[in-house]
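Trainee: One structure, pasted below without further comment.
The values are calculated or read from the model by the stated rules, or taken from the named source; none is laboratory data. Keep in mind the model is a prediction, meaning the values are calculated, not measured. Note that we place each Cβ from the backbone using ideal geometry, even for glycine, and neighbour counts take in every protein chain shown. Accessible surface areas use protein heavy atoms only, side chains included; no ligands, DNA or RNA. Shrake-Rupley method; radii C 1.70, N 1.55, O 1.52, S 1.80 Å.
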Amino acid sequence: MANSYLNRTSGTASLNTKMTFSVWAKRSLISSSVALFSFSTDSNNELYFRFMDNDTLQVFSQKSGTKIIERKTSRVFKDASAFYHLVLQIDTTQSTASDRVKFYVNGVQETSFSAETNPSQNEAITYVSSATFEIGRKTTSTNLNFNGYMSHVAFVDGSVVAPTVFGETDSTSGIWKFKSPSGVTWGTNGFHLKFENSGNLGLDSS
């Protein structure tokens, strides 16, 4: 449903310089700004990952009202007939600035961006702790609800996890497909939501 979302309040982060978000998402409405996930303590301290109204992907983060992260893909994502597997990695400990935020779509890293702001090395994403965390909506805006389908939403707190942990190429069709994650250290705030139980959509399988 376009106005439904999941939310929780996070605990103290395992490590606030590293995190991974993975989701299988199918859009029902293109050319609209919709959030996949977000977390914040207030409107000046937040991070969100979304499709923009021009069908690009964006991650944006601000700390004390100052932008510390932004990536906007150059290419667009308008396919409403199939699921995209999207992986966002943040690791501010990396010495190379461009390696501190990475996108993967169906197992392939995005390298062309129309906007790129990199966090400082070892920048602490302090508002991961005791934050409002929402799936399918931007915490500080009620008009960015995701319109479509999501499956196997995963968040790893304190570690960078490769897309190949969550997906793999089918040997026959060559199509990128779901792979059940294993061996993941999920961290204090980590979770894996399969959405298999309609009576308990927030059931954590991590």
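Trainee: Report yes if Glu168 is at pLDDT 95 or above and out of contact with any strand residue (DSSP E or B) (no Cβ under 6 Å at 6 or more places or on another chain), otherwise no.
Mentor: Numbers: at pLDDT 95 or above: yes; out of contact with any strand residue (DSSP E or B) (no Cβ under 6 Å at 6 or more places or on another chain): yes.
Criteria met by Glu168.
Trainee: Of a type in the set (A, V, I, L, M, F, W, C) and buried (at least 20 other Cβ atoms within 10 Å of the Cβ): which single residue out of Val153, Val165, Val105 fits that description?
Mentor: Details: Val165 fails: buried (at least 20 other Cβ atoms within 10 Å of the Cβ); Val105 fails: buried (at least 20 other Cβ atoms within 10 Å of the Cβ).
Unique residue meeting the criteria: Val153.
Trainee: Okay, next question. Is it the case that some residue within the stretch 89-96 is surrounded by fewer than 16 Cβ atoms within 10 Å (Cβ to Cβ), at pLDDT 95 or above and touching a strand residue (DSSP E or B) at 6+ places or on another chain (Cβ under 8 Å)? Before you say what the answer is, go through the steps one by one.
Mentor: Pass one, the stretch 89-96, residues surrounded by fewer than 16 Cβ atoms within 10 Å (Cβ to Cβ): 93, 95-96.
Next cut, at pLDDT 95 or above only: 93, 95-96.
With the extra rule that they be touching a strand residue (DSSP E or B) at 6+ places or on another chain (Cβ under 8 Å), the set shrinks to 93.
For the stretch 89-96, residues surrounded by fewer than 16 Cβ atoms within 10 Å (Cβ to Cβ), at pLDDT 95 or above and touching a strand residue (DSSP E or B) at 6+ places or on another chain (Cβ under 8 Å): present.
Trainee: Here's a follow-up. Go through (1) at pLDDT 95 or above; (2) closer than 23 Å to Asp157 by Cβ; (3) open to solvent by less than 30 Å² (accessible area, probe 1.4 Å) for Thr56 and report which single condition fails.
Mentor: (2)
Trainee: A follow-up question, please. Name the strands (runs of 3 or more DSSP E) wholly inside the stretch 105-194 in which the number of residues that are on the phi > 0 side of the Ramachandran plot is 1 or more.
Mentor: 148-157
Trainee: Conditions first: (1) closer than 23 Å to Phe166 by Cβ; (2) in a strand (DSSP E or B). Asp79 passes all but one, so which condition is the exception?
Mentor: (2)
Trainee: Another question, then. Only one of (1) over 13 Å from the mean Cα position of the chain (by Cα); (2) crowded, with 19+ Cβ neighbours inside 10 Å; (3) at pLDDT 95 or above fails for Gly187. Which number is that?
Mentor: (3)
Trainee: A further question follows. Check off (1) farther than 26 Å from Asp42 by Cα; (2) at pLDDT 95 or above; (3) open to solvent by less than 40 Å² (accessible area, probe 1.4 Å) for Asp99 and give me the number that stays unchecked.
Mentor: Just one mismatch for Asp99, condition (3).
Trainee: Return yes or no: is Ser28 open to solvent by 20 Å² or more (accessible area, probe 1.4 Å) and more than 25 Å from Ser182 (Cα to Cα)? Break it down into steps so the answer makes sense when it comes.
Mentor: Values: open to solvent by 20 Å² or more (accessible area, probe 1.4 Å): yes; more than 25 Å from Ser182 (Cα to Cα): yes.
Here the answer is yes, as Ser28 does meet what is asked.
Trainee: Can you name the strands (runs of 3 or more DSSP E) wholly within the stretch 1-61 that have at least 1 residues being within 15 Å of Thr132 (Cβ to Cβ), touching a residue at least 40 places away in the same chain (Cβ under 8 Å) and touching a helix residue (DSSP H, G or I) at 6+ places or on another chain (Cβ under 8 Å)?
Mentor: Output list reads 34-42, 45-51.
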